[in-house]
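Quick notes on the structure that follows.
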Amino acid sequence: MAVNDDLLSLQLAHGTYVQRYGTGLARRVLKLLTETESDLKRQIAARLANMTERGYDRGPVTTKRIETLIGVISETRAAGYAALESALTAELVEFVAHEADIQTRMLKEIIPIPRGINAPGLQLLKSIVIARPMQGRVLRQWVGDLDAAEKKAIRSAVNIGMTEGESIPNIVKRVGDRLDLSKSQTTAIVRTAVNHVSNHAIQAVATANDDLVKSVKWSAALDHKTCPICGGRDGKVYPVDSGPRPPAHIVCRCRITYVLKSWQELGLKDPPIGVRASMNGDVPADTNYGDWLRKQPRDFVKDTLGPSKAKLFLDGKLPIDRFVDRQGGELNLAQLSARESEAWIKAFGRVA
């Protein structure tokens, strides 16, 4: 098998763990926002009750009380977002160094000829996290935008609730719904940031070794959740120093992989026959994620999908895109057993 195809396979496998890391990181940093929510909701309820007892009108006194309430909420949440940004930045700086090390070791281990591999500098890697824009904004701006959007929405929720004479529990629920939406949006940003950092670590290693790497290939996670942008770029090859790089959008799961030069392009006069065949300089073949996953060791598939879903996938022959709904949400086992009864019986020998 050609080296470039082997690299693509390794990159796809590694990408599975990168996505899992992103989900875990999002869960950890969200605790910095959620640990104060119960107390915050109690404060909101108490202050609203106090305003209701004093009488609500559209005058300046009530407006001032609402502004004070919004201020309390904003101050508490701003502290949470500041802690989130600090923790996220610190972990991603550590992560990008780890990713660059994995990428350099990947090249060293897979290239069949003695070749020195350059590692990108730590300052460059740190700048990927802090200063390299993701969808036009750096990480600090993304977190600041989340905070500002939440503050605006909470103000609107309180004002609407008070104006329409809603009960205090309903107003608190309005605020709680907005906090839940913020958590969903934060999770999306964190997962996207992880993929952003991972891909730019690959890019940094490619740039540091442009005497060996001649281009990079865009590889999409080809399943039901793949968008037209990523589907259209899948398989496209770009120069090392130019072209688009993932993520193409929020929660993009695409990756780039290396296209190494051929032994001739490297100026090797007479390499062994096996090296000539493997170091052919060809772009790795197009790979459907489901087909690729089906070729991996069973333990890897079980680790990726979970034991029951892996059995459905492998023994029930269920295509990978059947594991998600039309909105891209992952289906649970109960939903799969109801929707995919034929595959379920084939995998487990019985109806769930």
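The values are calculated or read from the model by the stated rules, or taken from the named source; none is laboratory data. No experiment lies behind these values; they were computed from the predicted model shown. Surface areas here come from the heavy atoms of the whole protein model, side chains and all, with no ligands, DNA or RNA. Shrake-Rupley method; radii C 1.70, N 1.55, O 1.52, S 1.80 Å.
Please state the relative contact order of the chain as a whole percent: Cα pairs under 8 Å, 6+ residues apart? Please list the in-between numbers first.
Values: 415 pairs, mean separation 70.0, N = 352.
Answer for the chain is 20 percent.
Residue 184: accessible area at probe 1.4 Å, nearest 10 Å²?
Rounded to the nearest 10, the figure is 70 Å².
For volume of the Cα convex hull per residue in Å³, several values are listed as (i) 168; (ii) 141; (iii) 157; flag the one computed from this structure.
For volume of the Cα convex hull per residue in Å³, the calculated option is (iii).
Could you report the accessible area of residue 20 in Å², rounded to 10, computed with a 1.4 Å probe on the protein chains as they sit in the structure?
Looks like 100 Å² after rounding.
Could you work out the relative contact order of segment 79-171, using alpha carbon pairs under 8 angstrom and six or more residues apart, expressed as a whole percent?
Result for segment 79-171 is 27 percent.
Could you sort 234, 101, 270 by accessible area so the largest value comes first, with the probe set to 1.4 Å?
Listed by decreasing accessible area, they come as 270, 101, 234.
Excluding ligands and nucleic acids, what accessible area in Å² is computed for residue 109 using a 1.4 Å probe, to the nearest 10?
Counting only protein heavy atoms, the figure is 140 Å².
Provide the gained length on full extension for the span residue 211 to residue 334, in nm with one decimal, where the gain is 0.36 nm per separating residue minus the Cα-Cα distance.
Residue separation times 0.36 nm, minus the Cα-Cα distance, leaves 39.1 nm.
How would segment 171-326 be classified by its alpha-carbon gyration tensor: rounded, prolate or oblate, with rounded meaning a/c under 1.5 and the a/b versus b/c comparison settling the rest?
oblate
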